[in-house]
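Values in this text are rule-based calculations from the coordinates and carry no lab data. In this text the structure is predicted, and so the values were computed from the model without any measurement. Note: ideal-geometry Cβ built from the backbone for every residue, glycine included; neighbour counts use all protein chains shown.
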Amino acid sequence: MTLWMHEARLLLRQRLAVIALALLAVLTVAALAAGMAETSRQRAAIAAIPAAQAEDIGAIAAWVDKQKDAGSAAYYSFHPTWDAPAPLAFAALGMRDVAPYILRVRALGLEAQIYDGDTFNPELALPGRFDFAFVLVFLAPLFVIALCHDLISAEREAGRWRTLAALPHGGAALWRRRAWLRLALLWSVLGVPFAFTAAISGVEATAILAILLLILAYLLFWAGLCALVGRLRWSSVANAASLAALWLVLVLVLPTLGHVAIDRAVPLEQGAEIALAQREAVNHAWDIPREETMRRFYASHPQWADSAPLGTAFHYKWYFAFHQVGDESVSAKVHAYRQGLETRDRAARGLGWILPSVGVQALLTRMARTDLAAQIAYRDHIRDYHRRLRAFYYGYLFRDRPFGKADFERAPRFDSKT
């Protein structure tokens with residue numbers, strides 16, 4: 001223990017080491033604070049939904065109640081859906097930084113509503129927002145390099161290495177003590193603030209322990225690279241330059257090239273193109289006989305086929321029917337888009353087995369439920385809710401039942417837990 005305390009005193013006398021550890025601590029705390037602030041903002045926005053929804057529906061209900069028109073109720077009523085952040089989301093915001101976590105939907109065509117703003121591939125975003133995952137994956141390796149690149153070369157350049165190697169507990173044992181001490185301090189600077197923040201956020205102890213082990217494993221990988229480069233007996237400057245080049249390649253260049261290769265290997269239409277195709281199908285319905293639209297609608301929804309025939313006047317059941325048909329016309333595109341996204345995601349996660357930086361980031365977003373799988377699950381949940389909304393309104397539209405103020409209370413409510 002005396003040797004460890006002596007090495008700790010020597011390390012803390014080095015201004016570079018103290019500054020590096022202090023800077024990493026500041027960056028870690030700042031990233032955790034930023035993540036907590038963002039998730040708190042998202043939770044506050046979700047918590048404000050009921051009051052805003054009640055005010056909105058109250059105004060619509062007062063107007064619809066005058067004529068009891070179910071079509072107007074269905075057309076003008078927006079229904080909120082939301083995806084609350086998981087307790088660990090503060091550490092890796094992932095897709096929550098680029099994908100909507102609140103979406104207000106109507107009983108009209110859903111696909112255009114889901115994909116209206118989807119003009120990018122957020123699942124392949126690399127650095128992302130400044131959060132704990134960013135500090136760990138992109139910045140922590142630089143601090144390992146700063147503290148470990150010259151453990152032996154500095155002593156050799158100062159002419160002390162042979163003397164130190166000849167001392168009891170010197171040589172390789174001395175190098176291991178210094179390396180483990182630096183790793184322990186770096187791990188503490190990253191892990192202690194994270195563990196404290198995760199604990200007050202309600203993260204399970206097993207998840208905290210798993211991420212602490214992940215932090216240690218990632219730091220060990222970079223320390224191992226430092227050891228391998230150190231065995232080449234280069235100068236400290238050459239070691240630092242070589243390790244910085246490795247960081248650039250392993251953390252930025254190869255992940256970027258890998259994701260570009262995945263993009264080209266799995267080409268996809270953008271979600272906005274699905275929204276456009278759905279809108280074109282909906283707009284086309286105005287130019288064809290209404291009976292053709294109803295025939296297509298009843299073919300896939302025979303439970304409403306006994307509805308009264310359309311007259312010459314406008315009827316909302318025709319309007320909602322061609323929105324439904326519009327959604328069904330792009331179902332193959334939606335399925336292909338989802339399969340393509342999942343294929344890209346699997347390939348990106350496979351890349352994580354080769355590149356630790358990609359693997360660590362993927363694992364953090366998976367545990368935080370901020371990855372592509374979580375976003376797809378949210379969209380599936382929206383679709384399930386939208387089906388219930390349509391069935392509710394269709395019961396009025398296709399049976400010509402009046403829709404009054406009290407009926408608004410019977411509309412399905414979104415439940416993020418179902």
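At a glance:
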| quantity | calculated |
| --- | --- |
| Relative contact order of the chain, defined on C-alpha pairs under 8 angstrom at six or more residues apart (%) | 28 percent |
| Percent RCO, i.e. relative contact order, over region 14-140, from Cα pairs under 8 Å lying at least 6 residues apart | 33 percent |
| 3J(HN,Hα) from dihedral phi, region 265-273, Karplus parametrisation 6.51/-1.76/1.60, rounded to Hz, x for glycine, proline | 6, 10, x, 9, 6, 6, x, 4, 5 |
| Reachable aspartates and glutamates, given that their alpha-carbon falls under 14 Å from the alpha-carbon of K405 and they are not under 8 places away in the same chain | E55, D56, D65, D69 |
| Helix axis angle, 205-230 relative to the chain longest principal axis, alpha carbon, degrees | 50 degrees |
| Length-normalised contact order for region 32-98 - Cα pairs under 8 Å, 6+ apart - percent | 56 percent |
| Per-selection metrics, region 232-390 (Cα): Rg and Dmax in Å | 24.7, 90 |
| Projected-area average for the chain over all orientations - Cα convex hull basis, square nanometres | 24.5 nm² |
| Other-chain or far-sequence residues with amide H under 5 Å of R104's (modelled H) | T81 |
| Whole-Å semi-axes of the ellipsoid equivalent to region 309-418 (Cα gyration tensor, √5λ, descending) | 42, 18, 6 |
| For peptides 88-99, 235-246, sequence by mean Cβ density within 10 Å, most packed first | 88-99, 235-246 |
